[in-house]
Every structure is written in C-alpha cells, then in structure tokens.
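The values are calculated or read from the model by the stated rules, or taken from the named source; none is laboratory data. Note that the structure is a prediction, hence the values are computed from the model and not measured. Backbone-built Cβ (ideal geometry, glycine too); neighbour counts: all protein chains shown. In case anyone asks, the SASA skips ligands and DNA or RNA and just uses the protein heavy atoms, side chains included. Shrake-Rupley method; radii C 1.70, N 1.55, O 1.52, S 1.80 Å.
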Amino acid sequence: MDGHRVPKQDFAQQFAQALMLEQTRFIKKQLLAQQNNPYIEQFIHHLYTHSDQVSLKQCIQLEALQNVVQKYTFELNLGAEILEFIGMVAQRIHHVSSNSETQINQLLSDESFELWMNKILELDQLRHYIHSNLLHDPQVKHVSLQLANQILESNTPWLDHLRKLNTHQHGLSSKILSFIQDQQQNIELKLEQQLAQALLKQLGNIILLPNEELADISLHLWDDIKQRTLKETFSQFQAIDFEEFFILVYETWRQLRQGEYLQQLILDVVAVFYDYFADYSLQELLQSVGLDEDDLHQEALRFLPHTIQALEQQGLLDGILKQLISPFYLSESTHQFIEQYIQDNL
C-alpha cells in the first residue's frame, strides 16, 4: 500500500507544479495584453460595482486613519534627494517665470481679485483687532521705530559724516563738535519717534477706512499690478532666493507640525471627516470627488500596462506571479487534495 502511495504523492506534487506554471503563464498573458486587458478591466469593474456595498467605516477605522496621518504628516522627513529635487523645481519655476510674458491678470482675474478683496473687507472685527495691536503692541512700536530710523538716515545722507565723527579727543573744538553731535542725535531721536508714531497712526487710519474707500485703493493698486508680466516680477528675485524660499517653507512646516496644538487640530479634522463620511459607501466617496468607473479604468490603463511591461522586460514578472500563487500549489494540503481527488475519480 505504501508502495502505491509514494508515486501518487510524487504525481500530486508534479501536477501542482505544472498547474502553477500554467496559471503563471495564463495570468501573464492576460496582464500583457495590449488592448482590452481583461484582468485590469474586470478587476476595476468588480471593484467599482461592489463598492456601493461597503462603507468607509467597514474598511477603515478612525484610529488607523489617524495613525496614517500622524506618520506621514507629523513624522515623515524628506530625504536629501527630495530636498535637492525641490531646489531644482524652484530654479526651474524661476527660470520659466523670469522669461514669461504672461500677465498677472491672466492668473488672477478681476472677478477673482474683487471676490477676495470684498471678503477680506468684510472682516471688520479682524481689522479693529489689528488696529488695536498696531497702537499698543510694544513689538510693533519697535519695528515702526526701526523703519523710521531707516527712512530718516536714507533721506539725510549729508549727516552721515557728522554721525560717524570720532569726538574722543580733548580740546575746545572737540567739545563743541561733541555738543553738536549730541544735539543732532537728540533731534534725530525725537524725529524718529514722531515719524514712527505718524506711520502707525496713518496705517491705523488706513485700516479703519470705510470699506468703499479701501476698495477704491485696492482696485487702484490692482489696476497697476495686474498688467505686469511674470518676467517683470520674477526678475526682481535671484534663483537662489526662490529656492531658499521653498526650503524655508518646508523647514518652517517641520517645526510647526511638532506643536501640540497643530497636531491636535489636524487629528480633529480627520475625526470630523471620518464622522461625516463614515456611513458613505466607497462608491459614494468616489462620486463625491467626481470619479466614476470610467475614470478608474482610464487611470488604471494609463499606468498599469506600462508598469507590467517593464517588469516583464526586466525578467521580474514571472517571479512576482509565482510568489503570489505558489503558496497554494506548494501546500501539503493541496497535494493531499489532488491525491485524494485522483484516488476518488480513477
């Protein structure tokens, strides 16, 4: 009896091996079909057709979704290659824009500008808050004083020599010069303080102007800016400055995302999204972002056939398919099933 079992066992293993190779060949042939790829089309069709029977909450748990957001938003750091790529992209944008005759109003229409302007002007409470801070915030006063100092120095170049004179020597002439220099500094300080106050006052008055007047000022500025070309605008910047701006934005984001407030805010938004769409089917979610079965087909056929062809050209496709299906054919239970089937049907 054992003498008959060994050949049957060997035959079962060989038969399973042959089936695996044949299935690999069949699947590969279907995947490499250049037109009307049945595997891809049927997979997308069945996926979309049955997606109306599965809800978001059945597929994804809130904790899992938040873990994904936490990993890729709070923890993921771009590698040196990606940062270098960002730098190259920034330089390319600068180069293209610096040679473009496209006008600003071709990117932002008059209607869009007016919509944004009117919405900002409606924020009366915010404007009053900014006005209050302008008048009372010590840091704002310090900045305005620095600005006043720069304005005064740039408009009185003839006083630079007097400002820089060394008066440490003894003698009547040095004392007189020192006195004049002290008086000049006192006068400049008072002028700076008065100019700083005037700047803040005027800026505060502008912020609290009636909406109609602010709208007129804004539209007047827009009429001047909108006709300018990207070439005229971007030529004012160096490529390295543009590149450093993008890197600075990323580095700033890396710092901001470590804050407890921002992290909790993002996770709360994820929770609100989950609560809102939890009972939506996957098909409804796709439709809510404007995707239907044809879109899925189109995108799948845009990338998958080329990817599969590349795997075949590199001699990798057979190995991938065998790894997917071989556990079944190499399983002892499969061999026993084949052996039992042969015994029962022969």
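Figures for the structure shown
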read-out: Scan of region 218-240 for residues that are surrounded by 13 or more Cβ atoms within 10 Å (Cβ to Cβ) and not hydroxyl-bearing (Ser, Thr, Tyr), ordered by number; value: 219, 222, 225, 226, 230, 231, 232, 234, 237, 239
read-out: Some residue of region 225-238 being over 25 Å from residue 116 (Cα atoms) and under 24 Å from the mean Cα position of the chain (by Cα); value: yes
read-out: Contacts under 6 angstrom Cβ, first residue in region 271-293 being touching a residue at least 60 places away in the same chain (Cβ under 8 Å) and outside any helix (DSSP H, G or I), partner among the charged types (D, E, K, R) and open to solvent by 70 Å² or more (accessible area, probe 1.4 Å), 6 or more apart; value: 278/57; 281/52
read-out: Residue list for region 249-284, restricted to those being open to solvent by 80 Å² or more (accessible area, probe 1.4 Å), among the aliphatic types (A, V, I, L, M) and more than 17 Å from residue 64 (Cα to Cα); value: 256
read-out: Failed condition for residue 111, given (1) assigned to a loop (DSSP other than H, G, I, E, B); (2) surrounded by fewer than 12 Cβ atoms within 10 Å (Cβ to Cβ); value: (1)
read-out: Looking only at region 21-56, and only at residues there that are open to solvent by less than 100 Å² (accessible area, probe 1.4 Å) and charged (D, E, K, R), the one that is farthest from the chain's Cα centre (by Cα); value: 22
read-out: Subset of region 69-82 (residues that are among the β-branched types (Val, Ile, Thr) and either touching a helix residue (DSSP H, G or I) at 6+ places or on another chain (Cβ under 7 Å) or surrounded by 12 or more Cβ atoms within 10 Å (Cβ to Cβ) (or both)); value: 69, 73
